[in-house]
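Nothing in this text is a laboratory measurement; each read-out follows from the coordinates by a stated rule. The structure displayed is predicted, hence computed values, not measured ones. Cβ placement follows ideal geometry from the backbone for every residue including glycine, while neighbour counts extend to all protein chains displayed.
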Amino acid sequence: MRIDVLGVGFDDVTLEEAADIGGVLAGSEGFSYVVTPNPEFLLQAKKDEEFRAVLNGAGLVLADGVGVVKAAGILGRPLKGRVPGIDFAARLLAHMAKTGRRLFLLGAKPGVAETAAANLQKQYPGLMVCGTHDGYFKEDGPIVAEIREAHADVVFVCLGAPRQEFWMARNGKDTGAHLMVGLGGSLDVFSG
Ligand code: UDP
């Protein structure tokens, strides 16, 4: 059951529970994506029905930040707590390093994803990064093909909101990946 905050349904999960579900989805047949809406997302989703549908269509909808958790509490539908995207990503990376899942990093300025990949591979020994691409491209087709050819299980899509959410919903299935996570500026953090 999801908890509704301004028309977006949030999964009532702890960070640990979210990471466990992410690990299962990464190894499952089919495709799903993860979104981490903050209050700005919700204001935008309130005005934009298509964006709202994309958020609600995610396999996991995580409350990124205290604003959403507070709003849920005020509405009388409390959430267990916040699940920041970057913390979810860290748990998922540890799981992927153990299970040998293949990760593709998409987004940020040219060169950033490569540096992020090198740092993550140091931080999570055994992590398999199967490809990277910057986030300043015009056509989706070549990127979709690149992810497919890399045989990625998981893609971190870091194009900023709402572009990354629309991108995952529109292209995810065609890439053959099992899980995509919309992570905003995380590649800049991982590369720093
Ligand atoms: N970004 C991108 N392509 C674009 C626009 C932005 O790859 O067309 C990247 C940008 O370089 C940054 C990330 O998206 O690494 C997220 O940007 P921002 O911090 O604005 O997003 P937020 O984390 O607030 O969602």
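Annotations for the structure displayed:
- Here Lys109 is the anchor, and the lysines within straight C-alpha reach of less than 26 Å, apart from those fewer than 8 places off in the same chain, are Lys122, Lys138, Lys173.
- The chain: angle of helix 112-123 to the longest principal axis, Cα-based, in degrees nearest 10: 90 degrees
- For Lys80, the aspartates and glutamates whose Cα falls under 19 Å of its own Cα, not counting residues fewer than eight places away in the same chain, are Asp4, Asp11, Asp12, Glu16, Glu17, Asp20, Asp64.
- Top positive-direction residue, dipole computed over the chain with Cβ charges, set Gly100, Gln44, Ala90: Ala90
- Lys138 sits among other residues whose Cβ lies under 15 Å from its own Cβ, and their net charge, with Lys and Arg +1 and Asp and Glu -1, is -2.
- Antiparallel %, DSSP beta bridges [both residues in the chain], to 5: 15 percent
- Extension gain, Phe137 back to Val66 (0.36 nm per residue minus Cα-Cα distance, nm): 22.3 nm
- Rounded to the nearest 20 debye, the dipole size of segment 2-191 about its Cα centre is 260 debye, using +1 on the Cβ of Lys and Arg and -1 on the Cβ of Asp and Glu.
- When Tyr136, Tyr33, Tyr124 are arranged by Cβ crowding within 10 Å, least crowded first, meaning fewest neighbours, the order is Tyr136, Tyr124, Tyr33.
- Taking each residue as 0.36 nm, the span from Met128 to Lys98 lengthens on full extension beyond its C-alpha to C-alpha distance by 9.8 nm.
- Close amide H partners of Thr132, meaning residues 5 or more places away or on another chain with modelled amide H under 5 Å apart, are Leu105.
- Cα long-axis angle, helix 15-26 against the chain (0 to 90 degrees, to the nearest 10): 50 degrees
- 3J(HN,Hα) along segment 92-100, derived from phi through the Karplus expression 6.51 cos²θ - 1.76 cosθ + 1.60 where θ = phi - 60°, amounts to 5, 4, 4, 5, 5, 5, 6, 9, x Hz, with x in place of Gly and Pro.
- Only Lys, Arg (+1) and Asp, Glu (-1) charged, at Cβ; segment 57-133 dipole about Cα centre in debye: 200 debye
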